Structures are given as structure tokens and as C-alpha cells.
1. What number of residues in segment 20-54 are more than 16 Å from the chain's Cα centre (by Cα), surrounded by 10 or more Cβ atoms within 10 Å (Cβ to Cβ) and not polar (S, T, N, Q)?
2. Looking at segment 2-23 only, could you name the residues that are of a type in the set (V, I, T) and within 16 Å of V35 (Cβ to Cβ)?
3. So T9 passes all but one of these: (1) at pLDDT 90 or above; (2) within 10 Å of the chain's Cα centre (by Cα). Which condition number does it fail?
4. List every residue pair whose Cβ atoms lie under 7 Å apart, where the two residues are 6 or more positions apart in sequence or sit on different chains, the first residue falls within segment 44-55 and is touching a residue at least 40 places away in the same chain (Cβ under 8 Å) and assigned to a helix (DSSP H, G or I), and the second residue, located anywhere, is aliphatic (A, V, I, L, M) and surrounded by 10 or more Cβ atoms within 10 Å (Cβ to Cβ).
Amino acid sequence: MIPFTRIMTIVMFAALCFVLIVPLALQRHQLVIAVGICVLFVCYLAANLVLWRRMKPRS
């Protein structure tokens, strides 16, 4: 159940970033905000990957 909820959280954050924030920033010609959101999303993905690997039981 934890992998499903983690994946859904990532999908929801991606939708928020790339459906709402980034297009609005690009429409208003605020490239710094659009790039910042993309960098923030990549950092969020990396942190989730690290946490998921640490939570996974070792075999």
C-alpha cells in the first residue's frame, strides 16, 4: 500500500506543477519560476527515491 500512495503523491505533485504552475508561469513570461518548479520537482523525485530505497526491506 505504501508504494501506491507514494506514487499517487508524486503524480499529484506532477499534475500541480506541470498542469497548473509551469504553464501559468510560461504564459506570464516568468521563466525563472518555471525552471525553479522543474528543479524542485526533480529534487522531490530524488528525495522520494532515496526514502523509498531506505524503506524497502533488504533481502
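1. 5
2. Selection gives I21, V22.
3. The single condition T9 does not satisfy is (1).
4. The qualifying pairs are N48/I10.
The values are calculated or read from the model by the stated rules, or taken from the named source; none is laboratory data. The structure displayed is predicted, hence computed values, not measured ones. Note: ideal-geometry Cβ built from the backbone for every residue, glycine included; neighbour counts use all protein chains shown.
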